[in-house]
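See structure below.
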Amino acid sequence: MQTIMLDLPLLIGGLGVLLWLRLTAPAYKFQIACQFVGTLWAQYSNVISWSLAKLVPFIAASTLSRSKVQDASLFVPYIIYSILVGLFSSLFWDIPSTANFAYGEGRILVQIIVFGSLVLATRSFASALIESDAPLLLWKALMLIGLVHGTAFIYQYLASVFGFPLIGISRAHGLTIDAYSGDVAAFAVGDLEILRPGGLAGEPKTVVVLFGIVLTVGAIAKMPPKISDRWRRLATCSLLFSVIGFIGAFSTSGFVGLALAFTALTGFALINLRKYLFVIVSLLAAYGLTNYLLGYVNLPSIAELLSLRITDRIVSGEVDAPVAASLEVLSGNVLILLIGTGLGGGTFYIQSILNEAFEYALAPNIGAVALLLEYGLIGTLLFGIPFLLLAVKARDQIRFLGLTSAWEQTFLVVLGLSTMSFMLTGSGIALGYPLAIGGILGAVNRAPLASSGR
């Protein structure tokens, strides 16, 4: 199977664009560009794994703003807790002698730096969203994300049918099957191998987060007022591509995340019957189209494939090995359940249970499990409660302003809740938590501007 690797052009192009915008563009445009570039998968392994996903948070954190972000201080207890518990817990980590400094003795320092970059990136992004044109530009960026990754997704399916080179996944630490080409995600149905495209995000479990966010925002938050017909058409195409990609990625975590997102949006009274019907009709249309395409190339029906990848896995409780090991750690150690293993410390406990030689950092690919493992119940509550309080405050402000005149706030709250839902149920995206928390903070801080007529 021929594959093409886009790591180098995406890495160089992405970093080049961000550097240029950092020097020439307003902060809010730069921050939104960081969100876009952060969705592209490009990585290179040298001692540790370097990628756009890991570099972009540091770049995004560079635009520190002096403008006050109201209520951001609610997360200060969580930030202090995470650093102090991380430093304390690291004293008890069982670090293998085979681990290099970045993954061994220096892991806590590396993790604190990474954690700090995400905190600063969140603060910078929330500050950028206060700018008057930022929400509309962010909405356009999300629609472009759906188009770009959706186009790559569809190409990958067509390439598999017509024998064109596939866009390969470059995996870190030599985990690629063939060192000279990229992997392609797939699963087996009998003797058949079913492709799981990942767009330009690499893994299908990553791209499904992007498609899910675009689908939820496009369906629930409505289109911006006074948007041009061209952007309406582009947004419609983006939603169509996102629905097809969301189903075709065959991601268990994606469907669980979508259910959680709709539950949250219903609880916050941001969705009505007509919006539900729109999403249901869209999914049914995509289901029918996907079924037709599968039948055209003599593959099993979408119902059979979805049952295999989604319902059967949920009923059987099938999880990846690092997730199973994490749950074993949490259920067998009350102290870890309460306070966590510390930033990055879960790797050593997982590795011990799996009884494998230490080669790279293992972590659970379910966000909620990862939070509990590293921060415990205390840290998870310090993280989750402020987010929910801010979401409630933003929802109440939307009610005060009225849905018609509060498109920006509605869009940002829907974005924040849906992004957080997909981050908690799957492996997420590079700037997922900054996008979710920054979106909610942006909604809270924009409401006073809207009420004052700005």
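Annotations for the structure displayed:
- Considering the range 269-294, and only residues there that are within 20 Å of residue 209 (Cβ to Cβ) and not in a helix (DSSP H, G or I), the residue that is modelled with the lowest pLDDT turns out to be 271.
- Scanning the range 155-169 for residues being more than 23 Å from the chain's Cα centre (by Cα) and in a loop (DSSP other than H, G, I, E, B) gives a total of 3.
- The range 17-40: number of residues that are among the aromatic types (Phe, Trp, Tyr) and either farther than 22 Å from residue 415 by Cβ or out of contact with any Leu (no Cβ under 8 Å at 6 or more places or on another chain) (or both): 1
- The one condition in (1) closer than 26 Å to residue 338 by Cα; (2) surrounded by fewer than 21 Cβ atoms within 10 Å (Cβ to Cβ); (3) within 20 Å of the chain's Cα centre (by Cα) that residue 141 fails to fulfil: (1)
- Members of the range 214-252 found to be part of a helix (DSSP H, G or I) and touching a Phe, Trp or Tyr at 6+ places or on another chain (Cβ under 8 Å), listed by number: 215, 216, 217, 219, 241, 242, 243, 244, 245, 246, 247, 248
- Among the conditions (1) of a type outside the set (A, V, I, L, M, F, W, C); (2) touching a residue at least 40 places away in the same chain (Cβ under 8 Å); (3) under 17 Å from residue 122 (Cα atoms); (4) assigned to a helix (DSSP H, G or I), residue 63 misses just one, which is (4).
- Count - residues of the range 66-85 that are in a helix (DSSP H, G or I), of a type outside the set (S, T, N, Q) and without any contact (Cβ under 8 Å) to a residue 12 or more places away in the chain: 3
- For the range 196-248, the set of residues classified as small (Gly, Ala, Ser) and farther than 21 Å from residue 169 by Cβ consists of 218, 219, 221, 228, 235, 238, listed by residue number.
- For beta carbons closer than 8 Å, sequence separation of 6+ or different chains, a first residue in the range 44-56 that is under 25 Å from residue 210 (Cα atoms) and of a type in the set (Lys, Arg) and a second that is at pLDDT 70 or above and in a helix (DSSP H, G or I), the qualifying pairs are 54/114.
- Among residues of the range 208-235, those that are within 24 Å of residue 420 (Cα to Cα) and of a type in the set (S, T, N, Q), counted: 1
- In the range 86-101, the qualifying residues are those that are exposed (fewer than 12 other Cβ atoms within 10 Å of the Cβ) and touching a residue at least 24 places away in the same chain (Cβ under 8 Å), and the one that is farthest from residue 379 (Cα to Cα) is 98.
- Test for residue 70: is it within 23 Å of the chain's Cα centre (by Cα) and within 30 Å of residue 381 (Cα to Cα): no
- Meets criteria (surrounded by 17 or more Cβ atoms within 10 Å (Cβ to Cβ) and not aliphatic (A, V, I, L, M)) for residue 216: yes
- Here residue 8 meets each of (1) surrounded by fewer than 20 Cβ atoms within 10 Å (Cβ to Cβ); (2) part of a loop (DSSP other than H, G, I, E, B); (3) out of contact with any helix residue (DSSP H, G or I) (no Cβ under 7 Å at 6 or more places or on another chain) with one exception, condition (2).
- Residue check for residue 371: assigned to a helix (DSSP H, G or I), modelled with pLDDT under 75 and under 25 Å from the mean Cα position of the chain (by Cα): no
- Screening residue 250 with (1) under 24 Å from residue 167 (Cβ atoms); (2) touching a Leu at 6+ places or on another chain (Cβ under 7 Å); (3) at pLDDT 90 or above gives one miss only, at (3).
- Hits in the range 413-430 (condition: in a helix (DSSP H, G or I) and either under 13 Å from residue 369 (Cα atoms) or under 11 Å from the mean Cα position of the chain (by Cα) (or both)): 418, 419, 420, 421, 422, 423, 424, 425
- Within the range 319-343, considering residues that are modelled with pLDDT under 90 and not in a helix (DSSP H, G or I), the one surrounded by the most Cβ atoms within 10 Å (Cβ to Cβ): 319
The values are calculated or read from the model by the stated rules, or taken from the named source; none is laboratory data. Model, not experiment: these values are computed from the prediction. For neighbour counting, all protein chains shown are included, and Cβ atoms are generated from backbone atoms with ideal geometry for every residue, glycine included.
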